[in-house]
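Asks: Have a look at this one before I ask anything.
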Amino acid sequence: MTPKKNQLKPIDFSVRYPNLSTVLMIEDYLKKNNDIPIKITQLRENLPKKIMFKTLKVALDYLYISGKIIYGPKGFQWTYQESKEIKSFLKDAYEFKYDAKKRN
């Protein structure tokens, strides 16, 4: 059974799952280079940190399922656009900074 576009795959514990900073690093790179599709090998070579191929594929699968990227024969491309309401909300939002070292 293959999952549909917005359906998550069952958890496979033999695969290395990316942490949040890895997914954000991939998102940032794709956002900055959204003018042309990028092949997975080119993406892997140009990321600031080295990442395992299977981990990269899992992160790209997540971004595809969540509707942030598209995939075609020429590669991956960033397509997600934040709504104006979200941008205005985040602009006026209070940023909370937590420092674990200063904790009592």
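Every number in this text was worked out from the coordinates using simple rules, so none of it is lab data. All figures in this text were calculated on a predicted structure; none of them were measured in a lab. Cβ coordinates were reconstructed from backbone atoms using ideal geometry, including for glycine residues, and neighbour counts include every protein chain displayed.
Asks: May I ask you to list the aspartates and glutamates whose Cα is less than 18 Å away from that of K84, ignoring any residue fewer than eight positions away on the same chain?
Replies: Once the sequence-local aspartates and glutamates are set aside, what remains near K84 is D92.
Asks: A further question follows. Under 12 Å from a point 7 Å along the Cα-to-Cβ line of N34: which residues of the stretch 53-97 have their amide N that close?
Replies: 68-70, 77-84
Asks: Excluding residues on the same chain fewer than 8 positions from K74, give the aspartates and glutamates whose Cα lies under 17 Å from its Cα.
Replies: Those aspartates and glutamates meeting the cut-off are D35, E45, D61.
Asks: Hey, rough spin-label estimate for D92 and E45, points 7 angstrom out along Cα→Cβ, what's it come to in nanometres?
Replies: Calculated label separation equals 4.7 nm.
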